[in-house]
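Take a look at the structure set out below.
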Amino acid sequence: MKKIMGAVKKIGMFLGIVLVLLVILGAFFGGEPSYKIYEGKSNKSTIAKKTEQKPENLPLGTRVSSDNIEVTVFDAKISDKYIDCTAGICMPYKPEKKDYVFLWVYLSAKNTGKDKEYPPKAGPVLWKGQQFEKRYFGPSEDPYYNLSEYSTIDPIYSNAEKKGYVLYEVPKEINLSEAVVVIDYSSVNPWSDFMPTFRLG
């Protein structure tokens, strides 16, 4: 009987420890969302609001912030070709697929924290149930803003901002007001499921 009671006590202690660990993990990973939405396109806009719903279909110029990285998609352009010049040699490029065009998505990421952070990555463009991944290469500078390609390889230091373009190939009949781009914060925080989407028109 004593052995049984001892075993019951040990099981009870084990379950108690497991419960405490679950409470601690819940407090660390759960709770109120850490992200914020900033209304408006002006840097003077103050904060905004916290929301329990993941931001979707945000208009261009809206700023979102999570894990000390503030991001906005500020423009999107369409072109049927581009020219890339390297070492004095200029080459024209056209989409690989027939009846496709290039989609240039422009975004900025700013580190509002004290430590260096890696920027979130640009995910796919979604339109009418279709998903378009970014191209693996683009020109050294884009034809509209003269920006380099947006990259997540290098970190952003405190109070610094990174701007760039992400290049996609999409059907030429695409309506940008119906298309969104996904921004994936898992490259900033591996446990993050924060993936805001921005309308492209």
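For this structure, a couple of remarks:
Conditions (1) under 12 Å from Leu107 (Cβ atoms); (2) modelled with pLDDT under 95; (3) out of contact with any His (no Cβ under 8 Å at 6 or more places or on another chain), marked per residue:
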position	(1), (2), (3)
Leu126	no, no, yes
Gln131	no, no, yes
Leu147	yes, no, yes
Ser151	yes, yes, yes
Ile174	no, no, yes
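- If you check Lys110, Lys128, Lys81, Lys97 for being under 19 Å from Glu178 (Cα atoms) and out of contact with any Ser or Thr (no Cβ under 7 Å at 6 or more places or on another chain), only one passes: Lys128.
- Listed here are the strands (runs of 3 or more DSSP E) enclosed by segment 91-201 that have at least 1 residues being assigned by TED's automatic domain parsing to the domain that holds Gly61, free of Cβ contacts under 8 Å to residues at least 40 places away in the same chain and surrounded by 15 or more Cβ atoms within 10 Å (Cβ to Cβ): 130-132.
- Each residue in segment 112-124 was checked for being touching an Asp or Glu at 6+ places or on another chain (Cβ under 9 Å), of a type outside the set (Gly, Ala, Ser) and at pLDDT below 95, and 6 pass.
- Subset of segment 80-90 that is free of Cβ contacts under 8 Å to residues at least 24 places away in the same chain and either assigned to a strand (DSSP E or B) or touching a Phe, Trp or Tyr at 6+ places or on another chain (Cβ under 9 Å) (or both) - its residue that is nearest to Val64 (Cα to Cα): Lys81
The values are calculated or read from the model by the stated rules, or taken from the named source; none is laboratory data. Everything numeric here is computed off the predicted structure, so don't read it as measured data. Methodologically, a virtual Cβ is constructed for each residue, glycine included, from the backbone with ideal geometry; neighbour enumeration extends over all protein chains shown.
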